[in-house]
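Asker: The structure's right below; bear with me while I get my questions together.
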Amino acid sequence: MFIPPLLDGIERKIKADIQSRVGPPTVLQTWYDILKLFSKEMVSQSKPTFFIFALSASLTLLLILSLILTYIIVNPNNTLLEFGTTSTSFLLLSLILVLIISIHAINSLIYTVSSNPFSIIGVFRALTIDLMNEAMFVSFLVIMFSLVINRNSVSIIQLFSHKRTIPLIIVSYIPLVLSTYISSRRLPYDLHEAEPELASGSIIELSGPALGLYIYNHLIERYIVTSIPVTMLILALMGCLNPLLYVLILHLGTSILYLLFGLISFTVGRSRIDMAFKTISLLYIFAILLWIGVYIFEYIYR
Amino acid sequence: MNTSIDNQGNIYDNDALSLLKGVKGEVLEYTSGIVRIRVHPDKLLETVEAIVKNGEVYLRTMSASDERSVEGCYKLYYVFGIDKLRKTIVIETPLCSDKPQAPTLINIVKAIDWYEKEAHDLLGIEFIGRRLYRFVLPEDWPSDVYPLRKDYTIHDLMKLYKPRIIERAKEVEAEAAVIIPIGPYHPALHEPEYFELYVRGEKVVDARYVGFMVHRGIEKLGENMKYDQVPFLAERICGICGFVHSTSYCQAVENALKIDVPERAHYIRSIILEIERIHSHLLWLGVALHLLGYDTGFMHIWRIREDVMVLAELLTGSRKTYGLNLVGGVRRDIDIGKANKCLKILEDVGREFKQLVEVSVSVPQVKARLKGTGYLSRNDAESLSLVGPTARGSGLARDVRRDYPYAAYKYVDVKPVVYSEGDNLSRTMVRVDEVFQSIELIREFIENMPQGDIINKDWEVEPGRVGIGSVEAPRGEVIHIVRTGKYSPYRWRVRTPTYQNLPAVPIMLRETDLADAPLTIASIDPCFSCTDRVIVLDMRTNSVKEISIAVFTRRGLSSIR
């Protein structure tokens, strides 16, 4: 709960350094910003309790998601990647997906409360990108599982544990990392709150504690979403270390990936919704074709 | 110049004479690049039609003036330019009636629209054949008070105008409010502007601009100041390109009074004008990249710009509002040490800027969102008499430095940077190339700067003379018209490039994506008045604190409901 705003502070300092600026006075600045927003009066067009309730619900779901991810990696009998062999894996994976979609749904509900046109445009942009991202990622999963399960009748973990499949492991992570990056709503996909064109867009009506809660929520969401590929990597490479060490590796790995995502976002500009739609499709199609190519090369020609 | 000499030894400009076919008026002057004609209002339409038939004629500015106390009439000055002939045609139309009336030119010259509305607002001139409405002045300005008429001094106007802010607050039941910040929304630049975008999905169907949020009355203020005080006021018209205004004003007075300005002063003015262009273009490019979400490029461009600001301080003593110009020359010289340092800084700026632009323009999102967006055709640019990079980005090679050379530009070869695609990328690339061009020009000016005086103080005022001063500002042509008075300018008319270019923005916005609207608005590099106003209203104590002259927004409080 403490790490995401701290990481954001570090990211802001790195960004400032790259851009030849001094940046915030300390890496704790994001925390100070959030705390200050909490101390402000609540001004709202709608009932303030609605925002607080909805944001709290979203925050709770995020924390449940983080607990599940932690449980998965500390559980020595983990079965998440053993598709086709246990029903627990489907249960856990479905739970993660349902939680992420629920969080997005609650956030969308908060945005649409306002009749502000900037907010409405912002939320439709966010929904478009989320739907596109989720649909393309699910397409990849369906293709991957149907090919693997039908042909080999083995679990993903068995497939990945095979020595020859290292290239396949790498290409399997590309769509996952891509999906995570887009979900983290960084440039070029931060269209829902593009400040110069939409005056903060979907969050334009939020201020004071509601805005503070939103920012905190958003940063935790970004961190937890970033931790998913790291969790998967740990599971794939799991040895016989102390499970608590995995938690440490999880946070360390997530922090590194989080800052890496930050670095990528400094080098790009903001997309446009029609361009975003095209680029997301193209990136996923490229990733899926690459995966199929490597799969065919590894298992059919060899 | 194509000339001929008559039997009395008078020299005639044949190009100028050819322009006068069909003109029904008295020719006052037709040499030295300016053709001045006095035309009766009844013959105005016919005359303008005859001039416009020459092709490639554009409206540079129009000024209305109350000259009842000296000539018994109001007067309209229409200034047209013909780039290819490097000629300026000034049509003077006296309106000798208590209720001044003139025919509208809107059906012949599209760009006249705002000028006529402004003349109606500020001087009460009726233009027959068109609808006129309150344009520049706030809607609660008293009717029948025309501020630029000589009947009112600036102090009279301040007493006459009482903003109806408390009544408005009660109308909208805002008694509970303590502080009301007034100011329209700033979609692109942090200046007072107001655009209404009519949007279907993410596409802009149409757009409307409401301007003149802050009318500062600078022209009226200048009529109460001495000739050498006005350059300092003129420089405050704009916080980015103030030097072009003081230069333009000084040139207008020097032109009216035929003052010989020392060559060295011309060179110094030209150097500073180019430095101003570099820092203005760098500022704009930074803002454009910010609007495209590429903040890394934005920060680095502004880092480079900082060196240019330091350079301006080195040469003039100030980062901005240099206070360098006076009528007749400049106040500060550039010595050899400063000149060498200037060349060194510019070399570094040029090198770094080149690398940065190559990287920035190749960022996929930046490239994709600049290319093909905010399209403006050459025809539209011509018919609206657009100026500066906005015109040059649509393939119109219009540049005052080449077409109507002033200061030291008559000694160098300025080739206008022209891109013909008409999109945001074209306008961006015009500015990018102009940065390099300006660096080269400064180098040329420094190398060829002659020795000598920097100011001519030996001049006297002759009232009743009219002069024009124009400068190619970073945003396009700035043009000032001065009619001299005994101690102060009798009438001082300022026309900024944004005034000329803004009517093109709604055209550019049509069929653009909403996401590209801020960049498209910014692509003309608009420079609205740089001063927002705030009125603090405390209804509990029933007191109003006016932080400055309380000029209310045109839409009043309804705009923030």
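The values are calculated or read from the model by the stated rules, or taken from the named source; none is laboratory data. Bear in mind that the values here come from a model prediction, so they are computed numbers and not experimental data. Cβ sites come from the backbone with ideal geometry, for glycine too, and all protein chains shown count toward neighbours.
Asker: Of (1) touching a helix residue (DSSP H, G or I) at 6+ places or on another chain (Cβ under 6 Å); (2) under 30 Å from residue B:147 (Cα atoms); (3) surrounded by 20 or more Cβ atoms within 10 Å (Cβ to Cβ), residue B:266 satisfies all except one. Which?
Answerer: Going through the list (1) touching a helix residue (DSSP H, G or I) at 6+ places or on another chain (Cβ under 6 Å); (2) under 30 Å from residue B:147 (Cα atoms); (3) surrounded by 20 or more Cβ atoms within 10 Å (Cβ to Cβ), residue B:266 breaks only (2).
Asker: Does segment A:230-251 contain any residue that is within 14 Å of chain B (Cβ to nearest Cβ) and polar (S, T, N, Q)? Give the steps one after another, and end with the answer.
Answerer: Going residue by residue through segment A:230-251, those that are within 14 Å of chain B (Cβ to nearest Cβ) are none.
The answer is no, given that none of the residues of segment A:230-251 is within 14 Å of chain B (Cβ to nearest Cβ) and polar (S, T, N, Q).
Asker: If you don't mind, another one. Going through segment B:447-476 one residue at a time, which ones are under 26 Å from residue B:277 (Cβ atoms) and either outside the structural domain of residue B:225 (by TED's automatic domain parsing) or assigned to a strand (DSSP E or B) (or both)?
Answerer: Of everything in segment B:447-476, those that are under 26 Å from residue B:277 (Cβ atoms) and either outside the structural domain of residue B:225 (by TED's automatic domain parsing) or assigned to a strand (DSSP E or B) (or both) turn out to be B:455, B:467, B:468, B:469, B:470, B:471, B:472, B:473, B:476.
Asker: Let me ask you something else. Looking at B:276, B:347, which is the one that is in a helix (DSSP H, G or I), closer than 30 Å to residue B:260 by Cβ, more than 14 Å from chain A (Cβ to nearest Cβ) and out of contact with any Leu (no Cβ under 7 Å at 6 or more places or on another chain)? Even if it seems obvious, please write down each step before you answer.
Answerer: Values: B:347 fails: closer than 30 Å to residue B:260 by Cβ.
It is B:276.
Asker: Does any residue in segment B:455-469 that is over 10 Å from residue B:257 (Cβ atoms) and basic (Lys, Arg) come within less than 7 Å, Cβ to Cβ, of a residue that is modelled with pLDDT of 95 or more and surrounded by 12 or more Cβ atoms within 10 Å (Cβ to Cβ) six or more places away or on a different chain, and which pairs are these?
Answerer: Once the first residue is over 10 Å from residue B:257 (Cβ atoms) and basic (Lys, Arg) and sits in segment B:455-469, its partners that are modelled with pLDDT of 95 or more and surrounded by 12 or more Cβ atoms within 10 Å (Cβ to Cβ) give B:457/B:328.
Asker: Take the residues of segment A:168-190 that are closer than 16 Å to residue A:231 by Cβ and more than 9 Å from the chain's Cα centre (by Cα): which is farthest from the other protein chains (Cβ to nearest Cβ)?
Answerer: Restricting to residues being closer than 16 Å to residue A:231 by Cβ and more than 9 Å from the chain's Cα centre (by Cα), the top hit is A:169.
Asker: Yes or no: segment A:202-217 includes at least one residue that is at positive phi and within 13 Å of chain B (Cβ to nearest Cβ).
Answerer: Step one: of segment A:202-217, the residues at positive phi are A:208.
Pick out the ones that are also within 13 Å of chain B (Cβ to nearest Cβ) and you get none.
No, the conditions are met nowhere in segment A:202-217.
Asker: Show the residue pairs meeting these rules: Cβ distance below 7 Å; 6+ apart or different chains; first residue within segment B:388-405 and without any contact (Cβ under 8 Å) to a residue 24 or more places away in the chain; second residue in a helix (DSSP H, G or I) and surrounded by fewer than 24 Cβ atoms within 10 Å (Cβ to Cβ).
Answerer: Cβ pairs passing all conditions: B:396/B:378; B:396/B:382.
Asker: On the basis of being exposed (fewer than 15 other Cβ atoms within 10 Å of the Cβ) and more than 29 Å from residue B:264 (Cβ to Cβ), does residue B:362 make the cut?
Answerer: Working: exposed (fewer than 15 other Cβ atoms within 10 Å of the Cβ): yes; more than 29 Å from residue B:264 (Cβ to Cβ): yes.
So residue B:362 fits the description; yes.
Asker: Based on what the data block shows, is residue A:30 of a type outside the set (Gly, Ala, Ser) and either within 14 Å of chain B (Cβ to nearest Cβ) or exposed (fewer than 15 other Cβ atoms within 10 Å of the Cβ) (or both)?
Answerer: Values: of a type outside the set (Gly, Ala, Ser): yes; either within 14 Å of chain B (Cβ to nearest Cβ) or exposed (fewer than 15 other Cβ atoms within 10 Å of the Cβ) (or both): no.
No.
Asker: Answer yes if at least one residue in segment B:401-421 is over 22 Å from the mean Cα position of the chain (by Cα), under 30 Å from residue B:509 (Cβ atoms) and not aromatic (Phe, Trp, Tyr), and no otherwise.
Answerer: Among the residues of segment B:401-421, at least one is over 22 Å from the mean Cα position of the chain (by Cα), under 30 Å from residue B:509 (Cβ atoms) and not aromatic (Phe, Trp, Tyr), which makes the answer yes.
Asker: Being touching a strand residue (DSSP E or B) at 6+ places or on another chain (Cβ under 8 Å) and charged (D, E, K, R) narrows it down to one residue among B:431, B:465, B:427; which is it? Talk me through it step by step, then tell me what you get.
Answerer: On the way: B:431 fails: touching a strand residue (DSSP E or B) at 6+ places or on another chain (Cβ under 8 Å); B:427 fails: touching a strand residue (DSSP E or B) at 6+ places or on another chain (Cβ under 8 Å).
After applying the criteria, what remains is B:465.
Asker: Can you tell which of A:258, A:295 is closer than 25 Å to residue A:194 by Cα, of a type in the set (Phe, Trp, Tyr) and away from chain B (no Cβ under 13 Å)? Talk me through it step by step, then tell me what you get.
Answerer: Values: A:295 fails: closer than 25 Å to residue A:194 by Cα.
Result: A:258 is the single residue among A:258, A:295 that is closer than 25 Å to residue A:194 by Cα, of a type in the set (Phe, Trp, Tyr) and away from chain B (no Cβ under 13 Å).
Asker: Suppose the filter is within 14 Å of chain B (Cβ to nearest Cβ), in contact (Cβ under 8 Å) with a residue 60 or more places away in the chain, under 30 Å from residue B:290 (Cβ atoms) and not in a helix (DSSP H, G or I); does residue A:269 pass it?
Answerer: So residue A:269 passes the test.
Asker: Out of (1) among the β-branched types (Val, Ile, Thr); (2) in contact (Cβ under 8 Å) with a residue 40 or more places away in the chain; (3) more than 22 Å from residue B:440 (Cβ to Cβ); (4) surrounded by fewer than 24 Cβ atoms within 10 Å (Cβ to Cβ), what's the single condition that is false for residue B:253?
Answerer: Going through (1) among the β-branched types (Val, Ile, Thr); (2) in contact (Cβ under 8 Å) with a residue 40 or more places away in the chain; (3) more than 22 Å from residue B:440 (Cβ to Cβ); (4) surrounded by fewer than 24 Cβ atoms within 10 Å (Cβ to Cβ) one by one, residue B:253 breaks only (4).
Asker: For segment B:404-446, enumerate the residues that are within 20 Å of residue B:281 (Cα to Cα) and in a loop (DSSP other than H, G, I, E, B).
Answerer: B:414, B:415, B:416, B:417, B:418, B:419, B:420, B:421, B:422, B:423
Asker: Return a yes/no flag: does segment B:310-320 have any residue that is touching a helix residue (DSSP H, G or I) at 6+ places or on another chain (Cβ under 6 Å) and either within 14 Å of chain A (Cβ to nearest Cβ) or in contact (Cβ under 8 Å) with a residue 60 or more places away in the chain (or both).
Answerer: No, that holds for no residue.
Asker: So, restricting to helices (runs of 4 or more DSSP H) that lie completely within segment A:20-112, which ones have at least 2 residues that are in contact with a Cys (Cβ under 8 Å, 6 or more places away or on another chain) and modelled with pLDDT of 80 or more? Let's see the steps before the verdict.
Answerer: On the way: elements: A:29-39, A:48-74, A:87-112.
Counting at least 2 such residues, we get no helices (runs of 4 or more DSSP H) at all.
Asker: Go through segment A:5-25 and give me each residue that's in contact with a Lys or Arg (Cβ under 7 Å, 6 or more places away or on another chain) and more than 14 Å from every other protein chain (Cβ to nearest Cβ). Full working, then the answer.
Answerer: Kept after step one, since they are in contact with a Lys or Arg (Cβ under 7 Å, 6 or more places away or on another chain), are these residues of segment A:5-25: A:20, A:23-24.
Result: A:24, single match.
Asker: Among all residue pairs at least 6 apart or on different chains, which show Cβ distances below 7 Å where the first residue, located in segment B:115-133, is outside any helix (DSSP H, G or I) and the second is hydroxyl-bearing (Ser, Thr, Tyr)?
Answerer: These pairs meet every condition: B:124/B:146; B:125/B:74; B:127/B:104; B:128/B:104; B:129/B:104; B:130/B:104.
Asker: If a residue has to be within 25 Å of residue B:145 (Cβ to Cβ), in a strand (DSSP E or B) and in contact (Cβ under 8 Å) with a residue 60 or more places away in the chain to count, how many in segment B:63-102 make the cut?
Answerer: Step one: list which residues in segment B:63-102 are within 25 Å of residue B:145 (Cβ to Cβ), which gives B:63-77, B:93-102.
Narrowing further to those that are in a strand (DSSP E or B): B:63-67, B:73-77, B:93-95, B:101-102.
Of the ones still in play, those that are also in contact (Cβ under 8 Å) with a residue 60 or more places away in the chain are B:63-67, B:77, B:101-102.
So the answer is 8.
Asker: On to the next question. Say we look at segment B:493-526 and pick out the residues that are assigned to a loop (DSSP other than H, G, I, E, B) and more than 15 Å from the chain's Cα centre (by Cα); which of these is nearest to residue B:470 (Cα to Cα)? Working first, answer last.
Answerer: Taking segment B:493-526 as the starting set, the residues that turn out to be assigned to a loop (DSSP other than H, G, I, E, B) are B:496, B:510-512, B:523-526.
Add one more test, that the residue is more than 15 Å from the chain's Cα centre (by Cα), and what stays is B:510-512, B:523.
Details: B:510: 32, B:511: 35, B:512: 33, B:523: 22 Å.
So the residue we want is B:523.
Asker: Would you tally the residues in segment B:279-300 being over 25 Å from the mean Cα position of the chain (by Cα) and either at positive phi or more than 10 Å from chain A (Cβ to nearest Cβ) (or both)?
Answerer: 1
Asker: Considering only residues that are farther than 21 Å from residue B:219 by Cα and aromatic (Phe, Trp, Tyr), which ones fall in segment B:94-132?
Answerer: Within segment B:94-132, just B:127 meets the criteria.
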